[in-house]
Amino acid sequence: MSSDVQSVILVVLALAFLLGIAIQVVFLRSLQMLIARCAPRNRALSPGQVWLNLVPFFNFVWQFILISRVSETLSREFAARQIPPDSRQGDFGKAVGMSMCGLYLASVIPFVGIVTGFAGFVCWIVYWTRITGYARQLDAGQPRPPSEPYVAPDPAAAWPILLLLIFAFGAAYLQRVALSAVFNTMRHDLQLSTVEVGWVFSSFLYGLLAGYIVMSLVTTLCGARWGLFVALLGASLMAAASASASTFMGLVLTRGMLGVFSGGLLPASVQAVREWFPARMRPFAIGLVLASAQVSVLLMPLLPNDALPWRTLLMITGVPTAIAAALCLVLWPARTPRDPSGDLSGSAILSTALLAAGLFLVIPIFQFVTTWLPQMSQRILGTAAADVKSFAWVFPVAGLLGAVLSGAIAWVMMSGGFPPARTRATLLTVFGLLLPLAAVAAYVSEWSLVVVFAALCSIAFQAWSTLLYAAVADTVPPSGVAVAVAIGALVGGLSQLLTQTTLVQINPLNDRALTAIGLAVLAVIALLGVALPAWLVRPAGQAA
């Protein structure tokens with residue numbers, strides 16, 4: 001087969017795939033609008049949860065649940081409005097819908113799947129037609145009962161949710177760092193080259209960048225609970241798949257998909273904090289969630305990587321996320337009144353822009369301090385290798401302190417009457433003044449000072465992350481928090497990739513003075529471009 005023919009086939013297949021996705025989106029949109037026509041108390045699922053049917057593999061099971069809950073919702077709504085359904089459609093499409101799902105699931109069987117797939121297509125058309133008919137009946141019937149009024153969650157009831165977020169975020173981060181603990185045995189077992197090892201580690205980061213976008217949409221459409229559940233369940237499955245991989249390509253694909261699902265944790269967590277906590281408590285809650293990642297880094301050396309095979313160890317790292325996914329269904333209320341979304345204000349746009357700019361500017365500083373500074377110290381100052389190795393624990397401890405401390409101070413200040421915007425701007429300025437110490441650390445000639453300055457820079461980085469995410473949670477409308485967080489995290493990830501490439505090409509070890517000047521310039525730009533405009537960020541109706 002010629003290359004031209006292959007190209008044509010690939011283009012046709014790509015167009016067919018995109019067309020199929022588009023039709024599926026239109027179908028799910030009609031289901032969403034149908035459920036939205038029903039009163040909240042009669043819904044067996046929220047309108048946004050229909051979009052879970054786009055999640056690969058998960059939709060094998062979810063499609064059956066979706067059909068059943070749509071039928072249950074319609075049954076309740078028709079009874080509440082006293083609308084008699086058509087006698088031929090008394091089950092509200094459940095029978096034909098279940099048949100559709102079963103036939104589509106059987107379409108994966110070779111040869112037989114051609115027949116079952118076509119039959120499923122016919123059932124799908126029938127089901128969609130009936131759904132459209134139900135929508136017309138609801139529109140023609142009595143008006144929908146008024147929506148339930150929004151009631152702010154009790155902060156006392158929100159703490160179990162926060163504990164779940166902390167456990168979930170830390171468990172997922174453990175999967176991220178566990179590969180480093182089994183690196184040597186895995187490389188030897190699979191006979192990976194240096195280039196292949198680089199791709200194994202990079203695939204997670206590339207998947208993470210894609211996951212920020214894809215999974216934030218899941219959270220936006222389905223809510224924080226289901227966004228977190230899908231991310232955790234997917235991460236658990238990909239951890240098991242990584243442990244089962246027997247080839248380089250299999251390991252790259254599974255680690256990439258692990259990154260995709262992991263990309264949903266931060267947006268879902270920040271949106272959950274937005275939904276459950278008042279403004280004064282959000283920085284502290286977000287700080288605790290971010291700090292849990294640093295706890296996972298500290299726990300990594302405790303992993304029994306010498307006593308267990310690497311496959312077993314990777315499999316074990318999937319257990320905590322599976323437990324967290326189950327807890328999402330147990331601890332999280334099935335239906336929580338959601339704060340109605342407001343308009344997208346100038347402060348919301350500015351806070352999102354500051355989050356992206358802040359991460360883009362401080363991540364290079366953080367990357368230098370954690371990666372190149374120890375090498376520079378060992379080469380120029382002659383620091384002992386043992387001291388440099390023990391230096392690694394400084395960063396997670398300092399990062400944990402920065403996240404918790406900044407959140408706690410913000411909570412105390414706002415509880416004492418300081419407006420949220422003024423509190424965040426003040427703390428961003430104070431912690432931002434620590435960033436230029438990276439330039440000093442690159443130039444000092446005393447190892448103890450290098451350690452102190454590096455720790456302070458790590459504190460500043462995590463404090464900035466906590467405060468900037470809190471600003472987004474406080475100013476962006478509830479339905480857009482996950483997307484705003486994803487935008488900032490995506491820009492931060494791109495900055496990390498750019499920094500890694502740039503530092504390798506420039507090699508800061510060659511010129512300490514130039515490196516110090518570059519770090520100082522970045523720190524000053526961050527202060528002027530992020531900390532100062534933060535004074536302008538405020539929720540609608542609040543003073544700065």
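The values are calculated or read from the model by the stated rules, or taken from the named source; none is laboratory data. What you see is a predicted model, and the numbers here were worked out from it, not measured in a lab. Because the Cβ atoms are built from the backbone with ideal geometry, glycine has one as well, and the counts that use them run over all protein chains shown.
Would you mind finding the one in 217, 221, 258 that is farther than 19 Å from residue 477 by Cα and assigned to a helix (DSSP H, G or I)? Only one candidate qualifies: 258.
From the set of residues in the range 500-531 that are of a type in the set (Val, Ile, Thr) and modelled with pLDDT under 85, which is nearest to residue 222 (Cα to Cα)? Within the range 500-531, the match that is nearest to residue 222 (Cα to Cα) is 501. Within the range 92-108, being assigned to a helix (DSSP H, G or I) and buried (at least 18 other Cβ atoms within 10 Å of the Cβ) holds for 94, 96, 97, 98, 99, 100, 101, 103, 104.
Taking the range 445-472 as the range and being surrounded by fewer than 24 Cβ atoms within 10 Å (Cβ to Cβ) and over 18 Å from residue 395 (Cβ atoms) as the test, the residues that pass are 445, 446. Can you confirm whether residue 315 is surrounded by 20 or more Cβ atoms within 10 Å (Cβ to Cβ) and not assigned by TED's automatic domain parsing to the domain that holds residue 413? The answer is no for residue 315.
Candidates in the range 403-449 are the residues that are without any contact (Cβ under 8 Å) to a residue 12 or more places away in the chain and assigned to a helix (DSSP H, G or I); of these, the one that is farthest from residue 348 (Cα to Cα) is 448. In the range 233-256, is there at least one residue being within 16 Å of the chain's Cα centre (by Cα) and modelled with pLDDT under 85? No, the range 233-256 contains no residue that is within 16 Å of the chain's Cα centre (by Cα) and modelled with pLDDT under 85. Among the residues of the range 365-387, are any modelled with pLDDT of 85 or more, closer than 30 Å to residue 483 by Cα, part of a helix (DSSP H, G or I) and under 22 Å from the mean Cα position of the chain (by Cα)? So far as the range 365-387 goes, yes, one or more of its residues are modelled with pLDDT of 85 or more, closer than 30 Å to residue 483 by Cα, part of a helix (DSSP H, G or I) and under 22 Å from the mean Cα position of the chain (by Cα).
Looking at the range 346-372, which of its residues are of a type in the set (Phe, Trp, Tyr) and either in contact with a strand residue (DSSP E or B) (Cβ under 7 Å, 6 or more places away or on another chain) or more than 18 Å from residue 490 (Cβ to Cβ) (or both)?
368, 372
Residue 406 falls short on exactly one of the conditions (1) modelled with pLDDT of 90 or more; (2) closer than 19 Å to residue 352 by Cβ; (3) among the polar types (S, T, N, Q), and that condition is (2).
On the stretch given as the range 116-166, residues that are modelled with pLDDT of 75 or more and of a type in the set (Lys, Arg) total 2.
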